[in-house]
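Since the structure comes first, as structure tokens, the remarks are kept for the end.
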Amino acid sequence: MTATASATQIRSGHESDLDELTRIYNHYVVETPVTFDIEPVTPDQRRPWLLAHPDSGPHRLLVAEDGGRLLGYATSSAFRPKPAYATSVETSVYLAPEHVGRGIGRLLYAALFDVLRHEDVHMALAGITVPNVASQRLHESFGFRSVGRFEQVGRKFGRFWDVAWYQKPLADR
Ligand SMILES: CC(C)(COP(=O)(O)OP(=O)(O)OC[C@H]1O[C@@H](n2cnc3c(N)ncnc32)[C@H](O)[C@@H]1OP(=O)(O)O)[C@@H](O)C(=O)NCCC(=O)NCCS
């Protein structure tokens, strides 16, 4: 799928994007608590994640691209492995740090939820390490509702972090 707004194009992510996707992710691994990975990953280590998000089905990877440069990506991923969870997905979005605050997160999420309308997905969930005002605002503006907070569930940078959980029902097909 593709969608375009101004010069930014949204499309499915592929193996040729792996280096750039890994570079964006590693920024947040190394510099922030927004992900609970602690050590940077190599593109090879990241490949199984990429392959778990094909061009069809409930688990998707969309990228935002402008002039051949990757600006960020959004995913819907397996929430938990047991089969009855198959209709729930965990969604996430990461932008290259130089491209935050320009509406690209909104563009990616709009495209992701558009794609998911055609899939057998009943509920989207998002776990946000707090504080992360931009992410909390983004999720709330897409209709996610705060459903609670897991306290001190991650230790990174020598302290414990809370994770706020959000969920959004999707219209069943
Ligand atoms: C979170 C993130 C995806 C949001 O995308 P973005 O393109 O920066 O945000 P947008 O410009 O689309 O704005 C979305 C909303 O957040 C608000 N927002 C954006 N940056 C903000 C900031 N620094 N402080 C407060 N609010 C902010 C916008 O006003 C907008 O709110 P609205 O819907 O009420 O108008 C992006 O900032 C990012 O990649 N952050 C780092 C990685 C991360 O935290 N990912 C989420 C993991 S859960």
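The values are calculated or read from the model by the stated rules, or taken from the named source; none is laboratory data. These numbers were taken from a predicted model, which means no experiment stands behind them. Virtual Cβ from ideal backbone geometry, glycine too; neighbours counted across all protein chains shown. To get the accessible areas, we keep the full protein, side chains included, count just its heavy atoms, and leave off ligands, DNA and RNA. Shrake-Rupley method; radii C 1.70, N 1.55, O 1.52, S 1.80 Å.
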Check your understanding: Here is a list of conditions, (1) assigned to a helix (DSSP H, G or I); (2) surrounded by 17 or more Cβ atoms within 10 Å (Cβ to Cβ), and L70 meets all of them except one; can you say which number that is?
Key -> (1)
Study note, to complete from the structure: Of the residues in segment 105-149, those that are open to solvent by 60 Å² or more (accessible area, probe 1.4 Å), free of Cβ contacts under 8 Å to residues at least 24 places away in the same chain and either within 20 Å of F36 (Cα to Cα) or among the hydroxyl-bearing types (S, T, Y) (or both) come to P131, V133, S146, R149
Review point. Does R102 satisfy the condition of being in a helix (DSSP H, G or I), closer than 28 Å to V30 by Cβ, out of contact with any helix residue (DSSP H, G or I) (no Cβ under 9 Å at 6 or more places or on another chain) and open to solvent by 80 Å² or more (accessible area, probe 1.4 Å)?
Key: no
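Taking L62 as the residue in question, decide whether it is touching a helix residue (DSSP H, G or I) at 6+ places or on another chain (Cβ under 6 Å), outside any strand (DSSP E or B), of a type in the set (A, V, I, L, M, F, W, C) and open to solvent by less than 30 Å² (accessible area, probe 1.4 Å).
Against the criterion (touching a helix residue (DSSP H, G or I) at 6+ places or on another chain (Cβ under 6 Å), outside any strand (DSSP E or B), of a type in the set (A, V, I, L, M, F, W, C) and open to solvent by less than 30 Å² (accessible area, probe 1.4 Å)), L62 does not qualify.
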Exercise for review: Please tell me if Q152 is open to solvent by 40 Å² or more (accessible area, probe 1.4 Å), farther than 18 Å from P33 by Cα and either more than 9 Å from the ligand (Cβ to nearest atom) or in a strand (DSSP E or B) (or both).
Suggested key: no
Check your understanding: Given the structure, is A126 among the small types (G, A, S), within 22 Å of V100 (Cα to Cα) and either assigned to a helix (DSSP H, G or I) or away from the ligand (no atom under 14 Å from the Cβ) (or both)?
Key -> no
Review point. Inside segment 6-48, can you point out the residues that are closer than 22 Å to V115 by Cβ and open to solvent by less than 50 Å² (accessible area, probe 1.4 Å)?
Key: T8, I10, R11, S12, G13, D17, L18, L21, I24, Y25, R46
Review point. Considering segment 49-107 alone, what residues qualify as being of a type in the set (K, R) and either closer than 19 Å to I128 by Cβ or within 10 Å of the ligand (Cβ to nearest atom) (or both)?
Key: R80, R102, R106
